[in-house]
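Student: Questions regarding the structure given below will be posed in turn.
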Amino acid sequence: MGKTFPAAQTVDLIQGSLGRALNDAEQDLFWRLYAQTCVPQLERACRSFSRALTDNTMAPEDMLAWIDDRVWRMLKEAGWPIFHDQPTAQEAAARVAAKARLLGRWAYMAQSRKHWRYLSRQQRYMTGLSRTERLAATSSAPADFERQEEVQQDLARLREKVSARTRANLAASWPERADAHRVAVALGATSAK
């Protein structure tokens, strides 16, 4: 026969298996560590599952958002497999990083039904169109593209009102060297090559 526990010990064992939630300072530290160390590994895992199981049709960003929500819930409830035994913020972040592939797999499974239904609806829609309609179908232009004329007009006004020397100094003082040439060309401080 198995070992029996008095009722008080059983309650202690059950409460101990639930863990405790991290306090506010520990949670802040955990989320900083999560963003620095865990998110890149989680992104790689999501990208890997998306590539291998859906031919890149499932958005890794959606999978990562699902994981973020799941980790937040586990943190709030002190749940398994990360927060069940009262880890420190560093231990919890290390556990999330170690479980990146598991969380990526969970995200794939959670998102797959919605994803495959969406692809099926899209395929039915496309097969219902005539060849001319399919060829004429376009996606909308990005919002930045629609504002391109406004940006060009603003740059033209700036070129008129600011001297060439000031524009050249501004472009030369740009902090990112990779963008300095683009800024100079946009301000008209140099010729485009």
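Every number here is computed from the coordinates shown, using simple stated rules; none is lab data. Predicted model only: the values in this text are computed from it and were never measured. Using ideal geometry, Cβ is built from the backbone for each residue, glycine included, and neighbour counts are taken over all protein chains shown.
Student: When the chain is fully extended, how far beyond the present Cα-Cα distance does Met109 get from Asp62, taking 0.36 nm per residue of separation?
Tutor: Working it through step by step, the gained length comes to 15.7 nm.
Student: Show me 149-156, 58-65 ranked by packing, highest mean number of other Cβ atoms within 10 Å first.
Tutor: Per-residue Cβ counts within 10 Å, averaged per peptide and sorted highest first, yield 58-65, 149-156.
Student: With Rg and the Kirkwood Rh both taken from Cα atoms, where does Rg over Rh land for region 34-156? Spell out each step's value before the answer.
Tutor: On the way: Rg = 20.4 Å, Rh = 17.5 Å.
Radius of gyration over Kirkwood radius for region 34-156 works out to 1.17.
Student: Also, I was wondering about something else. Give me the number: length gained by fully extending Asn169 to Val185, i.e. 0.36 nm times residue separation minus the C-alpha to C-alpha distance, one decimal in nm.
Tutor: The span from Asn169 to Val185 would gain 4.5 nm if fully extended.
Student: Arrange the peptides 121-127, 82-88 so that the one whose residues have, on average, the most other Cβ atoms within 10 Å appears first.
Tutor: 82-88, 121-127
Student: Between Leu119 and Lys161, what length in nm is gained on full extension when 0.36 nm per residue of separation is reduced by their alpha carbon distance?
Tutor: Length gained between Leu119 and Lys161: 9.9 nm.
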